[in-house]
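Visitor: There's a structure below that I have some questions on.
The values are calculated or read from the model by the stated rules, or taken from the named source; none is laboratory data. Just so we're clear, the structure is a prediction, and the values are computed from it rather than from any experiment. In this analysis, Cβ positions are derived from the backbone assuming ideal geometry, glycine residues included, and neighbour counts consider all displayed protein chains.
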Amino acid sequence: MSQHAKQPPRNLAAGGLKEALVHPRDRKQEPAVAVLPFLDLRRKGDQEHLTEGIAEEILRSLTQVEGLRIISRTTAFPFAGRGLSLVEVGRRLHAQAVVGGALLEKGSLLSLKVDMVDVGTERVLWSTVYNFDQKGLFATLTDLAERIVSSMRLHPERRLPNPVDLDAYEYYLRGRHYYFRFNRQGMAFAAQMYRHALDIQGDYARAWAGLANCAAYSYIYIQRTEPQRELAESCSRKALELDPNLAEAHASRGLALSAAGAQEEAEEAFETALRLDPNLFEAAYFYARHCFAAGKAERAIEFFEWAAALRPEDFQAILLVAQVYHSLGIEDEAERARRRGLALVEERLDRVPDDVRARYLGANALVALGEREKGLAWARMARDMDPGDPMLLYNLGCIHALAGDPGEAMACLEQAVAGGLTQKDWLLHDGDLDAIRALPRFQALMETLTD
């Protein structure tokens, strides 16, 4: 590893970021617990995002408990639905305890059946059923997390979350799913999901933060208009007003401020988000993108690596950090990150062949690794799926610049800018574009962009 990726950001280490994410190999003496996605046995139970979301909320609480090692979602979730007992799953994961269960309907109430087993003794530590109404999910999950921790003989500080309607929560989870597709269509769907959540529960801070993120993305990459900037501003502020201690709200505020060009205020918001929740992926990921656009490449590396550590299955952070390493001439780290990211992309495309972002980020890695023809073939496939998306066109410009085709690279970049991608700072610092930066055509394009 490069020296840039070994430590957390320096000005956050004192705030607890380093301590919150100790590498698993350094935590072997701590008891480990795994939480599996809950089975959805409701009549309309066909949405994996809800069952995984419930498990993630429990993990979210547990990761903030000192002295407890959490088996990551990436490692544990694939064991769901394999027909294995909780004890067998625990043995394979080298966990001391495993939690699993099912979500059912019981008349007008919801019912969460939960089992926790001790892997070593094969005993069921406890088995219980929580019955609650639409607004009782999060209080239930808080109680459940406390029971898990108590069973591990630990005693965390209690913090009750704000109550959230289950239907609003489902819409919120769908919004997150669409948002991280990072394309025009996905952003529109994400905003729609967040609005549905707010129609159900107008004081849902996380949904306001999600809507702000969609507006900030649209302002930067699709439609650089004052109404979009104002929407990002107002929604992020609303999220903070509703829950000043919500890390997602501060991350959203940072993104809105970054979009508006308020660099110092954005950094303060991102750092607040990470102090509140050092394990929040989007805080690290958004901060990394902000740092890169601001020309702070080493800081971008720190936060992209941090985001990749938080969500090891995510191909975006690791492939973007590869590009930053390349821009600094750290080619061994760039190659390591690209090969790791490409493996994740291939896994993703096996499951979701029409994931445009996976296809074009994978194409970039292939060309950079010397597999030019395969990379260009992947780029053509991505373009066929969503030919007018500005983010796609920008990345195609990078791919063709790496592939030694300056004419096609410029054509793609010009179309991306015409389509609304007008973030000048990203074009200014992206090392993938170094081969065409001196072209008069590139310089003319840059002159059309505002700071």
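Visitor: Please work out which residue is surrounded by the fewest Cβ atoms within 10 Å (Cβ to Cβ), limiting yourself to the stretch 347-369 and to residues that are among the aliphatic types (A, V, I, L, M) and not in a helix (DSSP H, G or I).
Guide: The extreme case among them is Val352.
Visitor: I've got another one for you. Could you please let me know if Thr140 is out of contact with any Leu (no Cβ under 7 Å at 6 or more places or on another chain) and of a type in the set (Ser, Thr, Tyr)?
Guide: no
Visitor: Looking at the stretch 130-142, can you tell me whether even one residue there is more than 22 Å from Thr63 (Cα to Cα), at pLDDT 90 or above and either within 29 Å of the chain's Cα centre (by Cα) or not basic (Lys, Arg) (or both)?
Guide: Among the residues of the stretch 130-142, at least one is more than 22 Å from Thr63 (Cα to Cα), at pLDDT 90 or above and either within 29 Å of the chain's Cα centre (by Cα) or not basic (Lys, Arg) (or both), which makes the answer yes.
Visitor: Does any residue of the stretch 385-392 turn out to be assigned to a helix (DSSP H, G or I), aliphatic (A, V, I, L, M), modelled with pLDDT under 95 and over 21 Å from Ala288 (Cβ atoms)?
Guide: Within the stretch 385-392, one or more residues are assigned to a helix (DSSP H, G or I), aliphatic (A, V, I, L, M), modelled with pLDDT under 95 and over 21 Å from Ala288 (Cβ atoms).
Visitor: So which residues in the stretch 65-95 are in a loop (DSSP other than H, G, I, E, B) and either of a type in the set (Asp, Glu) or surrounded by fewer than 17 Cβ atoms within 10 Å (Cβ to Cβ) (or both)?
Guide: Across the stretch 65-95, the qualifying residues are Glu66, Gly67, Gly81, Arg82, Gly83, Leu84, Ser85, His94.
Visitor: Here are the criteria: (1) surrounded by fewer than 20 Cβ atoms within 10 Å (Cβ to Cβ); (2) closer than 23 Å to Leu449 by Cα. Tell me which single one Leu255 does not satisfy.
Guide: (1) is the only condition that Leu255 fails.
Visitor: Restricting attention to the stretch 412-422, which residues are crowded, with 17+ Cβ neighbours inside 10 Å and part of a helix (DSSP H, G or I)?
Guide: Cys412, Leu413, Glu414, Gln415, Ala416, Val417
Visitor: Still on this structure, I have one more. Test each condition in (1) hydrophobic (A, V, I, L, M, F, W, C); (2) surrounded by fewer than 20 Cβ atoms within 10 Å (Cβ to Cβ); (3) farther than 24 Å from Lys424 by Cα for Ala262 and report the one that comes out false.
Guide: (3)
Visitor: Residues of the stretch 330-343 being touching a helix residue (DSSP H, G or I) at 6+ places or on another chain (Cβ under 7 Å) and surrounded by fewer than 23 Cβ atoms within 10 Å (Cβ to Cβ), which ones? Before you say what the answer is, go through the steps one by one.
Guide: Looking only at the stretch 330-343, we keep the residues that are touching a helix residue (DSSP H, G or I) at 6+ places or on another chain (Cβ under 7 Å), and these are 333-334, 337-338, 340-342.
Hits for the stretch 330-343 are Glu333, Arg340.
Visitor: Could you grab the pairs with beta carbons closer than 7 Å, sequence gap of 6+ or different chains, first residue in the stretch 70-93 and farther than 18 Å from Gly120 by Cβ, second one assigned to a loop (DSSP other than H, G, I, E, B) and aromatic (Phe, Trp, Tyr)?
Guide: none
Visitor: Quick check on the stretch 396-411: of everything there that is buried (at least 24 other Cβ atoms within 10 Å of the Cβ) and touching a Phe, Trp or Tyr at 6+ places or on another chain (Cβ under 8 Å), which residue is farthest from Leu342 (Cα to Cα)?
Guide: Leu396
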